[in-house]
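Novice: My questions will all concern the structure given below.
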Amino acid sequence: MGSPGRVRMKKEVIKMSGPVCCYQCATTIEKEVLRLNGMKNAEMEYKKGLMTVEYDEKVVNKVAIQKKSRRGPETFRDPAMNVRDDLPLLFLF
C-alpha cells in the first residue's frame with residue numbers, strides 16, 4: 001500500500017499506429033505526449049514503432065495517449081485534448 005498523498009504511476013509500452021520516420025519526429029511526438037496532464041515520461045523507439053510511457057491513470061488514459069501520439073499538427077492542437085500549456089511546442093522540419 002502506498003502513502004495517502006502519493007500518486008501511483010502506470011508504466012507501459014504502446015505500439016504506434018503508424019511508422020515514425022526519424023528521430024526528430026519521434027522527439028516531437030514525445031514532447032506532445034508529455035503535454036497531456038498526468039504524463040510523467042514518454043520515450044519513443046521510432047525504429048520499432050514503440051513508445052514507453054509513464055502516467056497517472058486517474059488523470060490520463062492509454063486511449064488519450066494514443067490519440068495524442070498520432071502525427072500531424074491537427075492532432076497536436078486538438079482543443080478536446082487535455083493539454084498542458086506550460087510546455088513549449090516545437091516542430092522540427
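The values are calculated or read from the model by the stated rules, or taken from the named source; none is laboratory data. The shown structure was predicted, so the numbers you read here are calculated from the model rather than taken from an experiment. Cβ: placed from backbone, ideal geometry, glycine included. Neighbour counts: every protein chain shown.
Novice: Pull out all pairs, ordered by first then second residue, where Cβ-Cβ is under 7 Å, the residues are six or more apart or on different chains, the first lies in segment 40-58 and is touching a residue at least 24 places away in the same chain (Cβ under 8 Å), and the second is part of a loop (DSSP other than H, G, I, E, B) and surrounded by 15 or more Cβ atoms within 10 Å (Cβ to Cβ).
Specialist: M44/V20; Y46/V20; G49/M16; G49/V20; L50/M16; M51/M16; Y55/G38; D56/G38
Novice: From the residues in segment 31-60 that are of a type outside the set (A, V, I, L, M, F, W, C) and part of a strand (DSSP E or B), which one is modelled with the lowest pLDDT?
Specialist: E45
Novice: Based on what the data block shows, is V63 at pLDDT 85 or above and in a loop (DSSP other than H, G, I, E, B)?
Specialist: For V63, the condition - at pLDDT 85 or above and in a loop (DSSP other than H, G, I, E, B) - is not met.
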